[in-house]
1. Could you give every pair whose Cβ atoms fall below 9 Å, whose first residue belongs to segment 107-126 and is under 23 Å from LYS171 (Cα atoms), and whose second residue is assigned to a loop (DSSP other than H, G, I, E, B) and among the basic types (Lys, Arg), counting only separations of at least 6 or pairs across chains?
2. Show the residue pairs meeting these rules: Cβ distance below 8 Å; 6+ apart or different chains; first residue within segment 199-211 and small (Gly, Ala, Ser); second residue in a loop (DSSP other than H, G, I, E, B).
3. When you scan segment 112-125, do you find a residue that is among the polar types (S, T, N, Q), assigned to a loop (DSSP other than H, G, I, E, B) and surrounded by 11 or more Cβ atoms within 10 Å (Cβ to Cβ), even just one?
4. Taking the stated definitions as given, is PHE18 without any contact (Cβ under 8 Å) to a residue 60 or more places away in the chain and either within 25 Å of ASN152 (Cα to Cα) or surrounded by 15 or more Cβ atoms within 10 Å (Cβ to Cβ) (or both)?
5. Looking for something of a type in the set (Val, Ile, Thr), touching a Ser or Thr at 6+ places or on another chain (Cβ under 9 Å) and touching a residue at least 24 places away in the same chain (Cβ under 8 Å) - is there at least one such residue anywhere in segment 136-147?
6. Assuming SER179 fulfils every condition listed in (1) closer than 26 Å to LYS92 by Cα; (2) in contact with a Gly (Cβ under 7 Å, 6 or more places away or on another chain) apart from one, which condition is it?
7. Somewhere in segment 86-98, is a residue under 12 Å from the mean Cα position of the chain (by Cα) and either surrounded by fewer than 19 Cβ atoms within 10 Å (Cβ to Cβ) or acidic (Asp, Glu) (or both)?
8. Regarding PHE47, is this residue part of a strand (DSSP E or B), under 14 Å from THR134 (Cα atoms), in contact (Cβ under 8 Å) with a residue 12 or more places away in the chain and not basic (Lys, Arg)?
Amino acid sequence: MKSINFDHSYTEDAGHGFFKALGKSGFVLSENEVEHPGKQFCRFIMFKHGSGRVYLEFVRVGKGGEPIDKPGVSLRYTGPLKRYFGALKARKDIKAKYIHKNYAWKKDSKSALPGWNFLTFLSPKFKNIYLWFTEYEPHPTKKRVTPPPHPNTAHTIAGLELIVRGSDGPKLEKVFGKSLNGKDVSLGGIRLFIESGRSTKVAAVVIKCKSLERFKKLANIKSTILWRGQSAVLIKNPNPGMWNIVVVEE
């Protein structure tokens, strides 16, 4: 049975300052940088998830580039994305768009070359979250790298703390493809920790670590918070309107 899973989430990150600070907190930072149109330069923190990977993306917008005003959450469909797009086109309650972009888009954006496939939504849309699907075609020269172990013992993304305004619930269900009733919904093992609120937004990315004490030591963090009944570390994102990070022990 085909399903919808979490793939990655991005935050705008001025000067990659947040990204670099997380490196000093014991996360292994990606060496590569990917450029997207609009002078958006992306760096990554990767995590293992089952036999695959999930990741966080940090977007630095260059001078004169296209600004980002909300965090993004990319989903992944377990079957061919174009087939899923075909199914959505038959529905009247969703308006979607299918886009292909070559990995080498700066050199050749017209030829049909290997790249990303995106499924974006014209309707429904949300004021404080950008939701879309990503599909990765095999790269002609690069192999997918196994996520490295992080010295601070962080090892996977547990989920997203999602604040949902009541009227947005049915719209989100159309995108996620499942009921959001309850406070703990799974997207392929990545949880949506749902709370009610005045506006729909991603409040935090929740990361699991093997030792909270070791994480605190490497990150030079002395205080903890109580998150859903357990001790956790809160790392605030300095970029306005973007998600924070909550770290919990497995």
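The values are calculated or read from the model by the stated rules, or taken from the named source; none is laboratory data. This structure is a prediction, so every number in the text was calculated from the model and none was measured. All Cβ positions, even for glycine, are placed from backbone atoms using ideal geometry, and neighbour counts span all protein chains on display.
1. PHE126/LYS70
2. Going by the 8 Å Cβ cut-off, the qualifying pairs are SER199/LYS127; SER199/ASN128; SER199/ARG165; ALA203/TRP243; ALA204/TRP243; SER211/THR153.
3. Checked against the condition, which is being among the polar types (S, T, N, Q), assigned to a loop (DSSP other than H, G, I, E, B) and surrounded by 11 or more Cβ atoms within 10 Å (Cβ to Cβ), segment 112-125 yields no hits at all.
4. In short, no.
5. Within segment 136-147, one or more residues are of a type in the set (Val, Ile, Thr), touching a Ser or Thr at 6+ places or on another chain (Cβ under 9 Å) and touching a residue at least 24 places away in the same chain (Cβ under 8 Å).
6. (2)
7. no
8. For PHE47, the condition - part of a strand (DSSP E or B), under 14 Å from THR134 (Cα atoms), in contact (Cβ under 8 Å) with a residue 12 or more places away in the chain and not basic (Lys, Arg) - is not met.
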